[in-house]
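Please treat every number below as a calculation from the coordinates, not as lab data. Remember, it's a predicted structure, so these values are computed and weren't measured experimentally. Cβ coordinates were reconstructed from backbone atoms using ideal geometry, including for glycine residues, and neighbour counts include every protein chain displayed.
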Amino acid sequence: MLDTTALESFPSLISHGINVAGEISAPPSFQLPNSNDFDGFVKETIQMVKPAKGTTTLAFIFKEGVMVAADSRASMGGYISSHSVKKIIEINPYMLGTMAGGAADCQFWHRNLGIKCRLHELANKRRISVTGASKLLANILYSYRGMGLSVGTMIAGWDETGPGLYYVDSEGGRLKGNRFSVGSGSPYAYGVLDSGYKYDMSVEEASELARRAIYHATFRDGASGGVASVYYVGPTGWKKLSGDDVGELHYHYNPVTPSTVEQEMVEAAGP
Amino acid sequence: MTKQHANWSPYDNNGGSCVAIAGSDYCVIAADTRMSTGYNILTRDYSKISHLAEKCVMASSGFQADVKALQKVLSARHLTYQHQHNKQMSCPAMAQLLSNTLYYKRFFPYYSFNVLGGLDSEGKGCVFTYDAVGSYERVGYSSQGSGSTLIMPFLDNQLKSPSPLLLPAQDAVTPLSEAEAVDLVKTVFASATERDIYTGDKVEIVILNAGGIHREFMDLRKD
């Protein structure tokens, strides 16, 4: 059944007598349109809200923990609606989620996941595991399967068993793994990531690999760009390591050397 | 037997553009006052701006019936908040409330493209930009609506504020003075009016600063 914990109860719009003294009796529910053709309506709604699918996000486990990186471009068709979207969502101080697909869907359900994780902590007097958190999210998304949510996320964290990384999507899929990349730029990111990956990397090497992978994806994929953010999740929680504009990274990786002719002319002009 | 598709849509687009710019101690929120449907102008004098809380103003373009409903819901929730907490909602709090309100109608959305502007708890200008289903981010400036594709590149050129994602963090608010920002907004609407048929008539400009709220109007082309 649908997960409705995120919703408040809405009092019935038809007042039952004079009994409207703040009494909320209706069960919580998402309002649905009174349409004969729900499928068609949902399809048109999706077209209207047109979630941002263009993105590059990646995460991988290595010796020291988990490295998470993402770009920051949001595109609506061919228009770049934002170049500063936070695609790495801080669920709690030791767990991160990445955003790919519908921005609102990812933001809302990650926030809901954070709330559920906190409730778990309060109820059980211990932190929730990455396995548990990813399962909570996967179950919610499964219950909304077919209704048009678009979420392709990775849950990365550090719990009692060490570093954890799961891929969860709105089709209801949930995969445990060591290396993932999600989004339209993921093929390019995988190319760089897979060829440079070693389990025994230091934090600096791993962050540089993550940054390069995002940079190369933004270079070749039109739907990715903006700022490449890199986060590290270690035993004490997550820490943002860097946020670099990919335009500037391009010239950092490909420095412009003046050609010989220009240099001669500069020397000829002289002091 | 093929499915019958609805020949009536609950939505309409009334056009219009909205802009908001955040400064170091002020915030400018503006929207044109033209309301249209198809090629017809319904009125030249419709306010798309709503004063939600003392330091929080929302401008919305899109389907104005949904906008009005949204404004009413937020206003009612704000009243409840004031009764429960004995204070006004801060702009970042209202920003999250708007996001959740929009997402609660994820499967039958408010056709409303919003821009929220105000002052945060430190008195600095803040602008939040939304999509129709509630994803939001805090930015230094934003525009929404039919003229946004014309306005945004111009604002990017004039105001290009460093991304809030950069590390080390750099301030997002514009270094412009209040008068310069208002002038920029007037220029922006004049340009958008030239090339967007749904933008024009008048622009309503609201300025929020420590001294309170100030509203002014400027005429735009009526064609």
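As a test of the formula, what do you get for chain B when each DSSP H run with n ≥ 4 contributes -39,500 (n - 2.57) and the sum is divided by the residue count, at 222 nm and rounded to the nearest 500 deg cm²/dmol? Show your work: numbers first, answer last.
Details: 4 runs with 66 residues, N = 223.
Calculated from helices alone, the mean residue ellipticity at 222 nm is -10000 deg cm²/dmol.
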Report the FRET efficiency, 1/(1 + (r/R0)^6), for residue A:125 and residue B:218, where r is their Cβ-Cβ distance and R0 is 60 Å, rounded to 0.05. 0.50
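What pairs from A:135/A:176; B:68/B:105; B:48/B:72; B:48/B:202; B:160/B:202 go past 20 Å between their alpha carbons?
Numbers: A:135/A:176 11 Å; B:68/B:105 15 Å; B:48/B:72 13 Å; B:48/B:202 12 Å; B:160/B:202 26 Å.
Flagged as over cut-off: B:160/B:202.
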For peptide B:162-171, what's the mean number of Cβ atoms from other chains within 10 Å of each residue's Cβ? 6
Alpha-carbon radius of gyration plus Dmax, which is the widest Cα pair, for the protein assembly as shown in Å: 24.2, 94
I'd like the mean, over residues of A:101-110, of how many other protein chain beta carbons sit within 10 Å of each residue's own Cβ. 5
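Run the numbers for residue B:37 and residue B:158: contour at 0.36 nm per residue of separation, minus the present Cα-Cα distance, in nm. Let's see the in-between values first.
Details: separation 121, 0.36 × 121 = 43.56 nm, distance 3.20 nm.
Length difference between fully extended and current span is 40.4 nm.
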Residues in region B:24-57 reached by a label modelled at residue B:82 [backbone nitrogen below 11 Å; 7 Å Cα→Cβ]: B:52-55
Taking the alpha-carbon distance from residue A:125 and a cut-off under 18 Å, which lysines remain once sequence neighbours fewer than 8 residues away in the same chain are dropped? A:116
On each of the three principal axes the extent of the alpha-carbon atoms of region A:150-266, given in whole Å and largest first, is 63, 31, 23
Counting other Cβ atoms within 10 Å, keep those with at most 16, restrict to DSSP loop, and tell me which trypsin sites (Lys or Arg not before Pro) in region B:128-199 are left. B:160
Compare the peptides A:163-176, B:3-16 by average per-residue count of other Cβ atoms within 10 angstrom and give them in order, highest first. A:163-176, B:3-16
Beta carbons within 10 angstrom, averaged per residue: use that to sort the peptides A:210-216, A:119-125, A:61-67, highest first. A:210-216, A:61-67, A:119-125
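In peptide B:98-109, what is the residue-averaged number of other protein chain Cβ atoms found within 10 Å of each Cβ? Don't jump to the answer; show the numbers that get you there.
Details: counts 0, 4, 5, 0, 2, 10, 8, 3, 12, 12, 9, 4.
Mean partner shielding for this stretch: 6.
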Please state the shape class of chain B: rounded when a/c is under 1.5, otherwise prolate if a/b exceeds b/c and oblate if not, all from the C-alpha gyration tensor. oblate
